[in-house]
1. Quick one: what pairs do we get from the stretch 192-209, first residue open to solvent by less than 30 Å² (accessible area, probe 1.4 Å), second small (Gly, Ala, Ser) and within 16 Å of ligand 2 (Cβ to nearest atom), C-beta under 7 Å, 6+ apart or different chains?
2. Report those strands (runs of 3 or more DSSP E) wholly inside the stretch 1-110 carrying at least 2 residues which are away from ligand 2 (no atom under 16 Å from the Cβ) and buried (at least 19 other Cβ atoms within 10 Å of the Cβ).
3. Could you list all residues from the stretch 113-139 that are of a type outside the set (S, T, N, Q), under 11 Å from Pro175 (Cβ atoms) and either part of a helix (DSSP H, G or I) or away from ligand 1 (no atom under 16 Å from the Cβ) (or both)?
4. I need a count of the residues in the stretch 219-239 that are within 27 Å of Lys141 (Cα to Cα) and surrounded by fewer than 17 Cβ atoms within 10 Å (Cβ to Cβ).
5. I'd like the full set of residues that are in contact with a strand residue (DSSP E or B) (Cβ under 9 Å, 6 or more places away or on another chain) and part of a helix (DSSP H, G or I), limited to the stretch 221-243.
6. Where residues in the stretch 82-121 are under 19 Å from the mean Cα position of the chain (by Cα) and acidic (Asp, Glu), which of them is farthest from Ser55 (Cα to Cα)?
7. Name the single residue, out of those in the stretch 42-77 being farther than 25 Å from Lys11 by Cβ and without any contact (Cβ under 8 Å) to a residue 40 or more places away in the chain, that is nearest to the chain's Cα centre (by Cα).
8. If only one of Tyr133, Tyr187 is over 26 Å from Gly92 (Cβ atoms) and surrounded by fewer than 23 Cβ atoms within 10 Å (Cβ to Cβ), which one is it?
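The values are calculated or read from the model by the stated rules, or taken from the named source; none is laboratory data. The shown structure was predicted, so the numbers you read here are calculated from the model rather than taken from an experiment. Virtual Cβ from ideal backbone geometry, glycine too; neighbours counted across all protein chains shown. Note: areas computed on protein heavy atoms with side chains; ligands, DNA, RNA excluded. Shrake-Rupley method; radii C 1.70, N 1.55, O 1.52, S 1.80 Å.
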Amino acid sequence: MLKFIDTCMKKDNYLVLLLAGDGNRLRKDIDEKKQFHLILNKPLFLYPLISFIKSNAFKKYLLVISKSDEELVKKNLQDNRIDTKDIIFIYGGKTRNESVKNAISYLTDKANDDDKIFIHDSARAIISIKTIYKLVDAINKNDFITSAFPIYDSIILKDKLEYINRDNCYRVSTPQAFSLDVIKKCYEKYDDKATDDYSKAIKLEGNYKTDIVNIPSISFKVTTIDDLIMLESIIKNNKEYQI
Ligand code: CTP
Ligand code: MG
């Protein structure tokens, strides 16, 4: 157990928390970006940020934000007494891909090639410290990893009318984690419009070790109004998720 805690506390981990999206799919229902929607009086993005800070497993926290939100983000951090000593603000781009790229460019000459870079969608508000430790442990044994949810429904391919074995299927989630050298290579080689980063890493040639780590589906991504209602209800009814 001590050895496990020791591994988790190793401070060569960096968090890239993405909050530079426009939240367009929710915009028709709420008049703000989803990451700033208040849940029990706290903006949504603070939920994952506070979990990562509490885990005490990270050296720096890169908040990828839109320039136009800078004051709002800083005010939210100040109002909630978040220590900003280890927080770095990075401006995001038009796409998620560009936003991650900007964070990786910043880290290129600030971190070491074997440091671990965690990338997380702020729209996935609930992430337990236990899950963070599970992922820290996994990345210490691999070159890159992704979180994923198991699937409990039957899965059918519509065009073939064919069921596929759900035991071999996962829904890909974040956090995803990479050694800095791996994520740098991903962005050198595949400057595409992929919706996540693990999809780039699995295309790299080389003898890399990877793993897909099961995490609870409570880390679902808020995309629609139904997701937001569900998230609010879960947080209101569970003290452990409140901040
Ligand atoms: N994101 C980002 N920069 C972008 C686009 C997305 O940092 N240019 C972030 C979002 O803030 C979000 C995560 O990437 O936390 C996942 O993106 P998504 O769920 O698609 O959020 P949005 O792009 O904001 O929403 P939508 O696609 O509905 O507009
Ligand atoms: Mg998007």
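1. Lys200/Ala194
2. Working: elements: 13-19, 60-65, 87-91.
Of the strands (runs of 3 or more DSSP E) lying wholly inside the stretch 1-110, those with at least 2 residues that are away from ligand 2 (no atom under 16 Å from the Cβ) and buried (at least 19 other Cβ atoms within 10 Å of the Cβ) span 13-19, 60-65.
3. Looking only at the stretch 113-139, we keep the residues that are of a type outside the set (S, T, N, Q), and these are 113-121, 123-127, 129-130, 132-139.
The next check asks that each one be under 11 Å from Pro175 (Cβ atoms); those that pass are 116-121, 124, 127, 132, 134-136, 138-139.
Of everything in the stretch 113-139, those that are of a type outside the set (S, T, N, Q), under 11 Å from Pro175 (Cβ atoms) and either part of a helix (DSSP H, G or I) or away from ligand 1 (no atom under 16 Å from the Cβ) (or both) turn out to be Lys116, Ile132, Lys134, Leu135, Val136, Ala138, Ile139.
4. Quick first cut of the stretch 219-239, residues within 27 Å of Lys141 (Cα to Cα) only: 219-221.
Filter again for surrounded by fewer than 17 Cβ atoms within 10 Å (Cβ to Cβ), leaving 221.
So the count comes out to 1.
5. Leu228, Leu231, Glu232, Ile235, Lys236
6. Ranking the qualifying residues of the stretch 82-121, first place goes to Glu98.
7. Pro43
8. Result of the check over Tyr133, Tyr187: Tyr133.
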